[in-house]
Amino acid sequence: MQLIAFGINHKSAAVEVRERVAFAPEQVPEALQDARQRLDLDEVMILSTCNRTEVYACLPDPAAGEALTRLAGWLADYHHLSAGELAEAAYLYRDEAALQHLAKVASGLDSMILGEPQIFGQLKSAYAVAGETGTLGGELERALQRVFSIAKRVRTDTAIGENPVSVAYAAVDLAKHIFAELGRCSALLVGAGETIELVARHLLEAGVQRIVIANRTLGRARELGQKFGAEAVMLADIPEQLPTSDIVISSTASQLPILGKGAVERAIRARKHRPILMVDIAVPRDIEPQVGELADIYLYTVDDLREIVDDSLRSRQQEARKADLLIEDGVRLYLEERRSIAAVDSVREYRNMAERLREQELQRALRALSRGDDPEQVLAQLARTLTNKLIHAPTAGLKRASVDGRQDLLASARRLLGLEHHDAEAASESRAVAEERQPGANDDKAKSLPPHTLTGKHTLQ
């Protein structure tokens, strides 16, 4: 069996392609069953996120060569796409490369944001869905369990995920340094785009209980608010919200500032000078620069966050190199264990075959003895027949290797059959015999023998 990883991601395909091959969560069980049936797969799993759609499967070795064509055809057909268009953006990894790719995905090394932790949970969820659907087999399950173990070690032994590498995450990380308990904080988010959505997600993960989303259109604010249990207001309502807001993060497309110094001064007085963290991610800026001159206001711009992100990215890249070594080590150990298991299976099968042959010949010999045949001849026939049957397959294989000029295979066969050790023993015996035959070689031995052994006569004492 050969492990394969097939798919597209943010590096190989534009979002226009990725969104067309993405699976909604409720589609995945049906797609797994369809892939197993149409591609004749026993083991298959699908991972589908905003940045990647990948299929992991175990295929018989002869089928692996056609895997790209077959999988691309199935995925394109399932989503009503052109197979050629999909094949241009797709990649295929086999065995060791597939295992390394899976480990990098699980560890966040293949993510758009280096080291991001969400992908590990998404991969675990995909694993659970495949298990519930019944499309996980022993080979794929063992590989994924090892991948999860490697990813956990990467998280434990490196700092790959400790520093923020996105502006949204950096903004929330600043709040953690300013406020001791984010669970008691209230956040006002200005805007309703992708950045604010990411900020809202990070705030919730950090424990912020109350989030208010202010936007130019109330409908979009409400739509985003429903995802995070947030309150939706208009931009005109911001002055009313400021006095109860500990964190203000703004990211709009406005050409003019939305928050001025006067409104913030009034809010500070109403708060009795409790501090406010303000993060202006917008370009042009949403918050007047003069706001940063006010006491009890911590104002950061997108440039301030960029410096944090750049420093953090350099740190993560250094940790990524350590992670690569951990992944290589983990994959190597897994493959060694898998090869060891394969050897155990082969030894067991060979032993069982030998036992069957032994039993067959033993029963034949017992029947001959019961007929009164000569025991010496029966035993000789038993030994001769059993030996011939045991060496038949290796002998035929050695002959084929010799005809094909496979000297490497012949050398390996000699090691496996113990012939090198036998050759060494034979050479040692030959040298001993040669030394015995050399003139004078037995002089010392002769001197130590009794006198009558030298003359052939008994010497009188």
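In table form, for the structure just shown:
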{"item": "Evaluation of Gly108 against (1) in contact with a Pro (Cβ under 9 Å, 6 or more places away or on another chain); (2) touching a residue at least 60 places away in the same chain (Cβ under 8 Å) (one fails), failing number", "result": "(2)"}
{"item": "Condition met for Arg306 (at pLDDT below 90, surrounded by 19 or more Cβ atoms within 10 Å (Cβ to Cβ) and under 43 Å from the mean Cα position of the chain (by Cα))", "result": "no"}
{"item": "Among residues of the stretch 354-397, those that are touching a residue at least 12 places away in the same chain (Cβ under 8 Å) and surrounded by 13 or more Cβ atoms within 10 Å (Cβ to Cβ), counted", "result": "16"}
{"item": "Subset of the stretch 29-56 [assigned to a helix (DSSP H, G or I) and surrounded by 20 or more Cβ atoms within 10 Å (Cβ to Cβ)]", "result": "Ala31, Leu32, Ala35"}
{"item": "Where a residue in the stretch 207-229 is outside the structural domain of Ala192 (by TED's automatic domain parsing) and touching a residue at least 40 places away in the same chain (Cβ under 8 Å) and its partner, wherever it lies, is among the β-branched types (Val, Ile, Thr) and in a helix (DSSP H, G or I), with Cβ under 7 Å and at least six apart", "result": "none"}
{"item": "Every residue from the stretch 309-353 that is surrounded by 13 or more Cβ atoms within 10 Å (Cβ to Cβ) and either hydroxyl-bearing (Ser, Thr, Tyr) or in contact with a Cys (Cβ under 7 Å, 6 or more places away or on another chain) (or both)", "result": "Ser312, Ser315, Tyr334"}
{"item": "Condition check for Ala253: under 17 Å from Leu189 (Cα atoms), assigned to a helix (DSSP H, G or I) and not polar (S, T, N, Q)", "result": "no"}
{"item": "Residue count for the stretch 137-170, restricted to those that are more than 30 Å from Thr195 (Cβ to Cβ) and among the hydrophobic types (A, V, I, L, M, F, W, C)", "result": "6"}
{"item": "Answer from Tyr93, Tyr78 - the residue that is surrounded by fewer than 18 Cβ atoms within 10 Å (Cβ to Cβ), aromatic (Phe, Trp, Tyr) and modelled with pLDDT of 85 or more", "result": "Tyr78"}
{"item": "Single residue of the stretch 136-166 satisfying the filter (crowded, with 19+ Cβ neighbours inside 10 Å and more than 18 Å from the chain's Cα centre (by Cα)) that is modelled with the lowest pLDDT", "result": "Pro164"}
{"item": "Members of the stretch 131-171 found to be touching a strand residue (DSSP E or B) at 6+ places or on another chain (Cβ under 6 Å), within 30 Å of Ile247 (Cβ to Cβ) and of a type in the set (Asp, Glu), listed by number", "result": "none"}
{"item": "Sole residue being in a helix (DSSP H, G or I) and within 21 Å of Gln37 (Cα to Cα), chosen from Leu144, Leu99, Leu68, Leu92", "result": "Leu68"}
{"item": "Enumeration of residues in the stretch 164-188 that are of a type outside the set (Val, Ile, Thr) and assigned to a helix (DSSP H, G or I)", "result": "Ala168, Tyr169, Ala170, Ala171, Asp173, Leu174, Ala175, Lys176, His177, Leu182, Gly183, Arg184"}
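Residues checked against (1) within 30 Å of Glu205 (Cα to Cα); (2) in contact (Cβ under 8 Å) with a residue 40 or more places away in the chain; (3) in the same structural domain as Asp42 (by TED's automatic domain parsing):
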| position | (1), (2), (3) |
| --- | --- |
| Glu66 | no, no, yes |
| Gly84 | no, no, yes |
| Arg94 | no, yes, yes |
| Leu99 | no, yes, yes |
| Phe120 | yes, no, yes |
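One line per residue, one yes/no per condition, for (1) acidic (Asp, Glu); (2) assigned to a helix (DSSP H, G or I); (3) within 21 Å of the chain's Cα centre (by Cα):
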position: Lys272; (1), (2), (3): no, no, no
position: Leu299; (1), (2), (3): no, no, no
position: Ser315; (1), (2), (3): no, yes, no
position: Glu328; (1), (2), (3): yes, yes, yes
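The values are calculated or read from the model by the stated rules, or taken from the named source; none is laboratory data. None of the values given here were measured: they were computed from a predicted structure. Positions of Cβ are generated from backbone atoms using ideal geometry, with glycine treated the same way; all protein chains shown enter the neighbour counts.
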